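One structure is given below, encoded as structure tokens.
The values are calculated or read from the model by the stated rules, or taken from the named source; none is laboratory data. The shown structure was predicted, so the numbers you read here are calculated from the model rather than taken from an experiment. Positions of Cβ are generated from backbone atoms using ideal geometry, with glycine treated the same way; all protein chains shown enter the neighbour counts. For the accessible areas, the whole protein counts, side chains as well, though only heavy atoms, and no ligand, DNA or RNA atoms are used. Shrake-Rupley method; radii C 1.70, N 1.55, O 1.52, S 1.80 Å.
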Amino acid sequence: MQTKLDQLQAEFLAQLAEAQALLNEAADQAGKQAEELRIAFLGKKGRFAELMVGLKDLGNEEKAQVGKGVNQLKELVTNSISDLSQKAQTAIADLAVRSQWIDISLNPYQEEPGSLHPVSLMHLKLEEIFEAMGFTIYDGPQVETDHYNFEALNFDPHHPARDMHDTFFFKGGRLLRTQTSTIQIRAMEKLKPPFRIIGSGKVFRCERVDASHDACFHQLEGMMVDKDISVANLKHFMQVMLSGIFESEVKVRLRPGYFPFVEPGFELEMACLICGGEGCAVCKRVGWIELLGCGMVHPNVLRAGGIDPEEYSGFAFGMGTDRLAMMKYGISDIRPLHSGDLNFSRLFSAATHYRLG
Ligand code: DAH
């Protein structure tokens, strides 16, 4: 019996050594083997269970002696296995930590806060001003039909004003909108008077690019339709808008201007904020700066929108927001606005924080 015990011990130690050798290279394998050893030696049908069967037949004295040896060996086996499995677990965890190691001494990734483009800032400001005055924001597509860009806006098919728009046409007759006035027509299709709307976005004209012209630029359009709307209302809303943008009292004046969709039509001018109307280089010595087109909505346009011009009247206005942003932020050339140059946009991050803060 004693020999059997010695053999078992030798066998166990040999297998244990084999499993321990795996700890460094293949800790998960060592862990598995620890479990296999536990089952093989200490399990219900394991080697110790077998030994116990043999013990039964021994005399009392020998039983006591051998039993002691069995218990000692069992303790050795139990402790060795649990030691092995603990070491395997620690080694597995160490390996995971090593493979997912992060160098916390490295400089953190420098996140740069984004900034809004000056034209976006201008649109946000305008929307804020007009929403406060009860206007709703409308939208329209950049690819348009002749109907929305010209016909419904009272441009006859051969009207010379069409030439002023240097339109980009697609095959099949569609075109890139040349003005956001298209949004007036789209809004009238959906709304019943009284209403007040604004709409803005990109417009396109086949322009030769220079410091003040680009083939793609931005406009904001507005329209108000109600009973008894007059030029006085138009002038008031324009004055409130410009004072809001330039954050000071702004003087405006209207001069006759021609646009097929308004009658009478006006060019609205603002007293130069640099010289206060005295005349300087910015206003080309005239004291006034041309800002936008506007007027009383033409009866044909109201009719095209399903509105009775005998009952309702309205005003409309439209302006280039790139130019407005240039005036507000002191930018003298339109080209960097559309260049995608981040260094240029970054100049406005302070303004962005101010606006959104
Ligand atoms: N759509 C005109 C343009 O692009 C600007 C304009 C003028 C809009 C008069 C209006 C308006 O709504 O009433 O030149």
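Observations on the structure shown:
- For region 301-323 and region 59-76, distance of Cα centres in Å: 107 Å
- Between 289, 39, 245, the Gaussian network model of the chain with springs among Cα atoms under 10 angstrom shows the greatest mean-square fluctuation at 39.
- Cα gyration tensor category, rounded, prolate or oblate, for region 74-126 with a/c compared to 1.5: prolate
- Rg over Rh, two decimals, region 214-357 (C-alpha only, Kirkwood Rh): 1.03
- Listed residues 179, 89, 110, most fluctuating in the chain (Gaussian network, C-alpha, under 10 Å): 89
- Set of lysines with alpha-carbon distance to residue 328 below 22 Å, sequence-local pairs under 8 removed: 125, 202, 235, 251, 284
- Square roots of 5 times each gyration tensor eigenvalue, C-alpha, region 97-140, largest first, Å: 47, 13, 9
- Of the chymotrypsin sites (Phe, Trp or Tyr not before Pro) in region 153-187, those whose Cβ has at most 13 other Cβ within 10 Å and which sit in DSSP loop: 170
- For region 232-282 versus region 143-209, the spacing of their alpha-carbon centroids is 23 Å.
- With contacts taken as Cα pairs under 8 Å at a separation of at least 6 residues, the chain carries a relative contact order of 15 percent.
- Contact order for region 1-153, expressed relative to its length and based on alpha carbon pairs under 8 Å spaced 6+ residues apart, stands at 24 percent.
- Along the chain, longest interval not containing exposed GluC sites (Glu not before Pro), exposed being DSSP loop plus at most 15 other Cβ atoms within 10 Å: 112-206
- Global geometry of region 153-288, whether rounded, prolate or oblate, following the gyration tensor of its Cα atoms and the 1.5 cut on a/c: oblate
- Trypsin sites (Lys or Arg not before Pro) within region 256-337, DSSP loop, no more than 13 other Cβ atoms inside 10 Å: 284, 285
- Surface composition of region 2-100: carbon and sulfur atoms hold 50% of the protein heavy-atom accessible area at a 1.4 Å probe.
- Accessible area of residue 123 (1.4 Å probe, protein heavy atoms only, ligands and nucleic acids ignored): about 20 Å².
- Folded to 0 to 90 degrees: helix 118-132 orientation relative to the chain principal axis, Cα: 70 degrees
- 10 Å binning of all Cα-Cα separations within region 216-295, expressed as whole percents from 0 upward: 17, 46, 31, 6, 0
- Relative contact order %, region 237-335, counting alpha carbon pairs below 8 Å whose residues are six or more apart: 20 percent
- Shape of the chain, Cα gyration tensor, a/c cut at 1.5: prolate
- Accessible area of the chain divided out per residue, in Å², using a probe of 1.4 angstrom: 57 Å²
- R0 of 45 Å, Cβ-Cβ distance residue 18-residue 341: FRET efficiency to nearest 0.05: 0.10
- Computed from the C-beta positions of residue 166 and residue 102 and an R0 of 45 Å, the FRET efficiency is 0.20 to the nearest 0.05.
- In a reduced charge model with +1 at each Lys and Arg Cβ and -1 at each Asp and Glu Cβ, region 162-273 shows a dipole moment near 440 debye about its Cα centre.
- Two-decimal ratio, region 2-100, of alpha-carbon radius of gyration to 2.2 N^0.38 Å: 1.29
- Isolated Cys residues of the chain, judged by Cβ distance under 4.7 Å to other cysteines: 206, 216, 294
- Between 83, 322, 226, the Gaussian network model of the chain with springs among Cα atoms under 10 angstrom shows the greatest mean-square fluctuation at 83.
- In the chain, the calculated helix contribution to ellipticity at 222 nm averages -13500 deg cm²/dmol per residue, counting -39,500 (n - 2.57) for every DSSP H run with n ≥ 4.
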